[in-house]
Amino acid sequence: MPTSGKDNRSSRPGLILAVETSCDETSVAVVENGTIIRSNVVSSQINTHKRYGGVVPEIASRKHVESVTLILEEAVREAGVRLTDLSAVAVTQGPGLVGSLLVGVVAAKALACALQIPLIGVHHIAGHIYANQLVQELEYPLVALVVSGGHTELVHVPSPGVFRIIGQTRDDAAGEAYDKVARAMGLPYPGGPHVDRLAHEADEGVPMPRVWLEPDSYDFSFSGLKSAVLAVLNQAKMRGDVVHPVRISKGFQDSVVEVLVEKAIRASKEFGAKQLLLAGGVAANRGLREALAARCQRESLPLLVPPLSLCTDNAAMIAAAAFLKWERGELSPLDLKAEPLLSLEDWSVKEPLV
């Protein structure tokens, strides 16, 4: 199957323009050699979806269509480059909302075809993990804790671009549980930041269960914790009592954070990780960042956490992950399809870098 455009890896620097439209952020970035951000423009749809209490897929897709060309032009302008300077075009292939993914895939394919340069489809979670490479050099083997609205995973990365999922959520992802708990307490969407803020205002939290699953399991389960919060709220309502949201928020967050931290540390020890990476939108959670930093310090384990601007969905992280493929000449065909259930392990690089 033919790949897109010319393989011009010999040109330096390697300038990759990346497009990210997997959910409710439209983003385009230009990144040099997988580490230097020349531009990273993000247009968020939060205010649009806030009135519905969550992301509406059809609306998200339309918003991407309206803004992707403008965001692309702005990213190129901010980067101070010409389109002819680009080495490749990258795009989030999956996972994500299929309608949103399609907008980015079509835009990237059109640009790659017009410029006759390579196209690289990227796994969204690989992007979140390699957002850390934009701020610090990675050392292998490493373990990544990925925590977002749709994903909670522990990933062993033995070498650059090779991913082995060792644990994942069996039901609600951590970010999803945050939003559901926030909604139950009447907090605005997105609820995660509000729960995090309230948790820091409480001296004591409502006791909540910790779900560890099997003794040797690295999987997660937050559905029961969410149900425990709902039970506290319903019981208080039946008694005519008032349980302040700050105490519920603290109890809920303490439970989530303890399980995430303990399993991440255990995995890092078992797999001999030289670094522990935190990735995904919930990496912006202050409680999780502080607890993980304190525990890693006690264990003398280097912790990498991206700045807040690189925690949420953005195209710079997609470009960073795409560079892994570009270096190896692992390019995508122009009939690339959006894959909402794309496997991270299957996306791994095929050849080690010589």
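The values are calculated or read from the model by the stated rules, or taken from the named source; none is laboratory data. Fair warning: this is a prediction, and the values are worked out from it, not measured in the lab. Reconstructed Cβ throughout: ideal geometry from the backbone, glycine too, with neighbour counts over all protein chains shown.
Consider segment 134-173. How many of its residues are among the polar types (S, T, N, Q) and under 16 Å from the mean Cα position of the chain (by Cα)?
Count: 4.
Going by the conditions given, is E214 touching a helix residue (DSSP H, G or I) at 6+ places or on another chain (Cβ under 9 Å), more than 25 Å from G54 (Cβ to Cβ) and exposed (fewer than 13 other Cβ atoms within 10 Å of the Cβ)?
No; evaluated as a whole, the condition is false for this residue.
Here is a list of conditions, (1) touching a Gly at 6+ places or on another chain (Cβ under 7 Å); (2) not assigned by TED's automatic domain parsing to the domain that holds S22, and A273 meets all of them except one; can you say which number that is?
Of (1) touching a Gly at 6+ places or on another chain (Cβ under 7 Å); (2) not assigned by TED's automatic domain parsing to the domain that holds S22, only one is false for A273: (1).
Among the residues of segment 168-188, what is the count of those that are buried (at least 22 other Cβ atoms within 10 Å of the Cβ) and either polar (S, T, N, Q) or in contact with a strand residue (DSSP E or B) (Cβ under 6 Å, 6 or more places away or on another chain) (or both)?
So the answer is 2.
With respect to E204, determine if the residue is touching a Lys or Arg at 6+ places or on another chain (Cβ under 7 Å), surrounded by fewer than 19 Cβ atoms within 10 Å (Cβ to Cβ) and part of a helix (DSSP H, G or I).
Spelling it out, it is not the case that E204 is touching a Lys or Arg at 6+ places or on another chain (Cβ under 7 Å), surrounded by fewer than 19 Cβ atoms within 10 Å (Cβ to Cβ) and part of a helix (DSSP H, G or I).
Report yes if L138 is touching a residue at least 40 places away in the same chain (Cβ under 8 Å), out of contact with any helix residue (DSSP H, G or I) (no Cβ under 7 Å at 6 or more places or on another chain) and in a loop (DSSP other than H, G, I, E, B), otherwise no. Can you show your working first?
Working: touching a residue at least 40 places away in the same chain (Cβ under 8 Å): yes; out of contact with any helix residue (DSSP H, G or I) (no Cβ under 7 Å at 6 or more places or on another chain): no; in a loop (DSSP other than H, G, I, E, B): yes.
No; evaluated as a whole, the condition is false for this residue.
Given the structure, is V89 in the same structural domain as V30 (by TED's automatic domain parsing) and not small (G, A, S)?
Considered against the rule, which asks whether it is in the same structural domain as V30 (by TED's automatic domain parsing) and not small (G, A, S), V89 comes out as yes.
Could you list, in sequence order, all residues of segment 292-340 that are more than 25 Å from Q116 (Cβ to Cβ) and over 15 Å from the mean Cα position of the chain (by Cα)?
Passing the criteria: L292, A293, A294, R295, C296, Q297, R298, E299, S300, L301, P302, L303.
Can you pull out the residues in segment 150-169 that are touching a Phe, Trp or Tyr at 6+ places or on another chain (Cβ under 7 Å) and not in a strand (DSSP E or B)?
The answer is P158, S159, P160.
For segment 213-264, enumerate the residues that are among the aromatic types (F, W, Y) and modelled with pLDDT of 95 or more. Let's see the steps before the verdict.
If we filter segment 213-264 for residues that are among the aromatic types (F, W, Y), which is where we start, we get 218, 220, 222, 252.
If the condition is that a residue be among the aromatic types (F, W, Y) and modelled with pLDDT of 95 or more, then Y218, F220, F252 are the ones that fit.
Pick out, from segment 26-121, the helices (runs of 4 or more DSSP H) lying fully within it that include 1 or more residues that are within 26 Å of P193 (Cβ to Cβ), at pLDDT below 95 and not β-branched (V, I, T).
Per the criteria, 46-50, 57-79.
Given V89, V41, which one is more than 23 Å from L331 (Cβ to Cβ) and not charged (D, E, K, R)?
Values: V89 fails: more than 23 Å from L331 (Cβ to Cβ).
It is V41.
Which condition from (1) over 20 Å from A199 (Cβ atoms); (2) in contact with a helix residue (DSSP H, G or I) (Cβ under 6 Å, 6 or more places away or on another chain); (3) part of a helix (DSSP H, G or I) is the one that K237 breaks?
Tallying (1) over 20 Å from A199 (Cβ atoms); (2) in contact with a helix residue (DSSP H, G or I) (Cβ under 6 Å, 6 or more places away or on another chain); (3) part of a helix (DSSP H, G or I), K237 fails exactly one: (2).
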